[in-house]
Amino acid sequence: MKLFSRNNLLFAVPFFLIILLLIMTIEVFNREVAWQVIDEVSDQLSLSLRTELRNEKEDALRFALILSENDSLRHALKEDDDEAGFALLKRMIKSVQTNTSELVRAQIITADSRLFARSWDADNLFSGMPLDTYRRDLEEIMLHKKPRSSIEVGRRLGIKATVPMYEEGELIGFVEVLKFFDASTDFFHKFGIDLYALLDDSYYNTAVLMQNNPSVAWYLVGNRRYNNINLKVLQRLDMKQLRKERIMLRENKYIFFEPMRNGDGETIGAFVFVMPKQSIEHFARSGEDLSFLLAFSRNNLYDIVKKEQYDNKVYHSGYDKALLSLKDTVPEEDRELFMEEARDILSTYTKEELIALMLHYKLARKIEGEIR
């Protein structure tokens, strides 16, 4: 009997060790699979955010371009008739907001950087207010003579599309359209994902209309709409750790961190996503791709990546890109010299590269201006 028990024990110990090892292996594997899914979710969120922000920037720029071509607005600006310009701008913006659910703000700025009219004011008392102290970006737009649409910090954080207005080659002013991440916030919220646009508090004195906004560590919340429950989660979080690790699990929620950059590429804050843990576990179990949850096709992702690849790789050098981009601005007396140098450059490109250049130019011309 003792021999039988001893033999059983000799058999059972290796068996249990194998089972234990198998359980540990499965646990490690499941953990690796889970983090693989989380990394994929992070990538999809990042790509989706870039696309949504780009859409918002393009929408703002498109509307600013339309306003800049309005003859009545241009006439009021040239005649310095701020009352007529204010009334017309208010009427146009009211029509937009009556027929859409989106908040859009627009303003007209004079060539010498003074406020001409602002759509969100009750009256036009601020007309003539100088803006040059706060608006160094206008100098860059005047220098390059190109529209610009990017995330910027003004009296509050938002997307700003600025279009210079010219009359017979002379600058007469600027049209600006401002948006505040509403479309992007609503887009992610539909799928149970909360997005927070956070501004670094080093801009506290500039963003005067955000000074009473809720804060998360050293950030000011820039969203007009947000989930207050998840805001409390962020306020209990170690933001230094999140900024370093980019992904954290706290209070049964996954939190993702993306740097926020302005039109000059400077980091001015962060975009933070909050997503329930059970949603991630659903993807881990089902093997579904988050891109389907976001109604975001692989073609969309492919287009984003290809567009960025075109921007960086379609030209042989930065000099080629800079020179060829000047073709519409070269004075008549310099055009022959320009064409000679352009021909020399283009002769070094293959047929396929020339086709890529043409496609890149068509893509860039869809909306004339810089989306940053």
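What to note about this one:
- The range 117-174: GluC sites (Glu not before Pro) in DSSP coil with no more than 15 other Cβ atoms inside 10 Å: 168
- R0 of 45 Å, Cβ-Cβ distance residue 170-residue 281: FRET efficiency to nearest 0.05: 0.15
- Förster-model FRET efficiency, 41 Å R0, residue 238 and residue 126, C-beta, rounded to 0.05: 0.45
- Computed from the Cβ-Cβ distance with R0 of 41 Å, the FRET efficiency linking residue 94 to residue 144 stands at 0.80.
- Counting 0.36 nm for each residue step from residue 80 to residue 218 and taking away their Cα separation leaves a gain of 45.4 nm.
- Label point at residue 66 placed 7 Å out along Cα→Cβ; residues across the range 86-125 whose backbone nitrogen lies under 18 Å: 88-108, 119-120
- Whole-Hz ³J(HN,Hα) from phi, Karplus 6.51 cos²θ - 1.76 cosθ + 1.60, for the range 113-128, glycine and proline x: 6, 10, 5, 9, 7, 9, 5, 8, 7, 5, 9, 9, 5, 8, 4, x
- Shown for the range 160-289: lysine pairs separated by 8 or more places, or found on different chains, whose C-alpha atoms are under 27 Å apart, numbering 16.
- With 0.36 nm allotted per residue and the present C-alpha distance subtracted, the residue 250-residue 189 stretch has 20.0 nm of extension available.
- Rg/Rh, computed from the Cα trace of the range 138-268 with Rh as the Kirkwood radius, has the value 1.05.
- Simple point charges give the picture: +1 on the Cβ of Lys and Arg, -1 on the Cβ of Asp and Glu, and for the range 43-187 a dipole about the Cα centre of about 360 debye.
- Difference of contour (0.36 nm per residue) and Cα-Cα distance, residue 136 to residue 266: 45.3 nm
- The range 135-185: proportion of alpha-carbon pairs further apart than 16 angstrom, %: 42 percent
- The amide H of residue 165, built 1.01 Å from its N in the peptide plane, has 172, 173, 174, 175 as neighbours under 5 Å, considering only residues 5 or more places off or on other chains.
- Figure note: 133, 267, 51 ranked by solvent-accessible area, largest first, 1.4 Å probe, ligands and nucleic acids not counted: 133, 267, 51.
- For residue 274, neighbours were defined as the other residues whose beta-carbon sits under 13 Å from its Cβ, and their charges (Lys and Arg +1, Asp and Glu -1) total +2.
The values are calculated or read from the model by the stated rules, or taken from the named source; none is laboratory data. Everything quoted here is computed from the prediction, not taken from an experiment. No Cβ is skipped: glycine too gets one built from the backbone with ideal geometry, and neighbour counts run over all protein chains shown. The accessibility values were calculated without ligands, DNA or RNA, using every heavy atom of the protein model including side chains. Shrake-Rupley method; radii C 1.70, N 1.55, O 1.52, S 1.80 Å.
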